[in-house]
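Have a look at the structure that comes next, please.
The values are calculated or read from the model by the stated rules, or taken from the named source; none is laboratory data. Remember, predicted model here, so these are calculated numbers, not experimental data. Backbone-built Cβ (ideal geometry, glycine too); neighbour counts: all protein chains shown. Just so you know, the surface numbers come from the protein's heavy atoms only, side chains and all, with ligands and any DNA or RNA stripped out. Shrake-Rupley method; radii C 1.70, N 1.55, O 1.52, S 1.80 Å.
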Amino acid sequence: MISNSVNLRDKANWVWRETLSVHRRAPETRIASSLSSIEIFVALYYGGVLIIEPTNPRWDGRDRCVISKGHGSICMYPILADLGFFPAAELDRVCKAGGILGGIPDPIIPGYETVNGSLGHGLGVGAGMALGLKRGGSNQSVFVVCGDGELHEGANWEAIMFASQHELDNLHLIVDNNSIAMLGFTDDIVSHAGLVKRLEAFGWQCVEVDGHDVLAVQEQLLSLKAINSGRPKALVARTLKGRGVPGLENEALSHIMAPKAELLDELLKASDER
């Protein structure tokens, strides 16, 4: 378990800068989706939520973190390097020949549990992991981070029903609810209004939080993890896609947009001077 003595706000700001830097060097990465989930991952990995061993990523005693929105987790690269899952030099080789860090993360990267290219499958995989751990008598928890857009995939709702029926209270779903799918606002496609009540109707224990308040995210995740009520648990995190980047933040088509290099340079310079 990583110490929670880390200043989580400072760490989140550092990860934001590092994520911009990675995208500056590898513009084919999905930047907007990766900026909405930063505080979620900082709370998980630095906030004492996950039990992990960076020097032994496949340690049996670890908690499992399935990152279903793989394309939107480029912010994980500096986090995993910082924690020692792989050398920081890999950050200079993202999407480059010989590097292990691609535009879509996969399990060759130490710290990633699953293949993450096709959306909508992470929760089902996570539910299977949770069932296997529970039946094997293990106390480890499973966390699944998914985007709100991928909740449009029906397989998620099959997993939601499955987890409830099998009382998987070691399963935790975290929804990065930035309200924007690939080509527009979710409210214009299939709305997620009332998502908390929908999950509760399926038998889940669910809370909602400001997904950019890293301390609140940490507090809610620690509280949910401590509950053993026989119900799977979910945290709906309200976030902004493209957070902190003018022209990208909360823009309907931000998923497929890439900010100009000059803008990234300005933002990084301003961040360094703060």
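Please compute the length gained on full extension between R93 and M257, using 0.36 nm multiplied by the number of residues separating them and subtracting their Cα-Cα distance.
Extra length from R93 to M257 when fully extended: 56.9 nm.
Taking 8 Å as the Cα distance limit and 6 or more residues as the minimum spacing, I'd like the relative contact order of the chain as a percentage.
RCO, the chain: 21 percent.
On the full set of protein chains, 1.4 Å probe, figure out the accessible area of C95 and give it in Å² to the nearest 10.
Near enough 50 Å² of accessible area.
Shape of segment 96-197 from its Cα gyration tensor (a ≥ b ≥ c, root eigenvalues): rounded if a/c is under 1.5, otherwise prolate when a/b > b/c, or oblate?
In terms of gyration-tensor shape, oblate.
How big is the dipole moment of segment 174-245 about its Cα centre under a simple scheme where the beta carbon of each Lys and Arg is +1, that of each Asp and Glu is -1, and everything else is neutral? Debye, nearest 20, please.
That gives a dipole near 220 debye.
Taking the Cα centre as origin and putting +1 on Lys and Arg beta-carbons and -1 on Asp and Glu beta-carbons, what dipole magnitude results for the chain, to the nearest 20 debye?
With only Lys, Arg, Asp and Glu charged at Cβ, the dipole is about 400 debye.
Can you give the calculated 222 nm mean residue ellipticity of the chain, where each DSSP H run of n ≥ 4 adds -39,500 (n - 2.57) and the sum is split over every residue, rounded to the nearest 500 deg cm²/dmol?
Dividing the helical sum by the residues of the chain leaves -11000 deg cm²/dmol.
Another question, then. Given Cα pairs under 8 Å that are at least 6 residues apart, what percent is the relative contact order of segment 108-192?
33 percent
For the chain, what % of the accessible area comes from carbon and sulfur atoms, probe 1.4 Å?
51 percent
Please get the size of the charge dipole for segment 64-192, origin at its Cα centre, with Cβ charges of +1 on Lys and Arg and -1 on Asp and Glu, quoted in debye to the nearest 20.
With Lys and Arg at +1 and Asp and Glu at -1, about 420 debye.
Leaving ligands, DNA and RNA out of it, rank K233, K96 by accessible area with a 1.4 Å probe, largest first.
Greatest to least solvent exposure: K96, K233.
With the contact rule set at Cα under 8 Å and sequence spacing of 6 or more, what percent relative contact order holds for segment 22-167?
Rounded, it is 25 percent for segment 22-167.
Through the Karplus equation 6.51 cos²θ - 1.76 cosθ + 1.60, θ set to phi - 60°, convert the phi angles of segment 22-39 into ³J(HN,Hα) values in whole Hz; use x for Gly and Pro.
Result, rounded to whole Hz: 4, 5, 4, 7, 9, x, 6, 6, 8, 7, 4, 5, 7, 8, 7, 9, 4, 5.
Also, I was wondering about something else. Give the residue from Q165, L119, W204 lying farthest towards the positive end of the charge dipole for segment 109-236; charges sit on Cβ (+1 for Lys and Arg, -1 for Asp and Glu) and the dipole is referred to the Cα centre.
Q165
Can you work out the accessible area per residue across the chain, with the rest of the protein chains kept in place, probe 1.4 Å, in square angstrom?
42 Å²
I've got another one for you. How large is the accessible surface of R25 in square angstrom, using a 1.4 angstrom probe and rounding to the nearest 10?
So the heavy atoms of R25 present about 90 Å² to solvent.
Probe 1.4 Å, all protein chains in place: accessible area of S229 in Å², nearest 10?
That residue has around 60 Å² of solvent-accessible surface.
Select from F41, S191, G61 the residue farthest towards the positive end of the dipole of the chain; place +1 on Cβ of Lys and Arg, -1 on Cβ of Asp and Glu, and compute about the Cα centre.
Positive-end residue among those listed: G61.
I've got another one for you. Please work out the C-alpha center-to-center distance from segment 127-141 to segment 224-274 and express it in whole Å.
Value for the Cα centre distance between the two parts: 31 Å.
Hey, if we sort W157, W59 by accessible area with the 1.4 Å probe, largest down, what's the order?
The most accessible residue leads, giving W59, W157.
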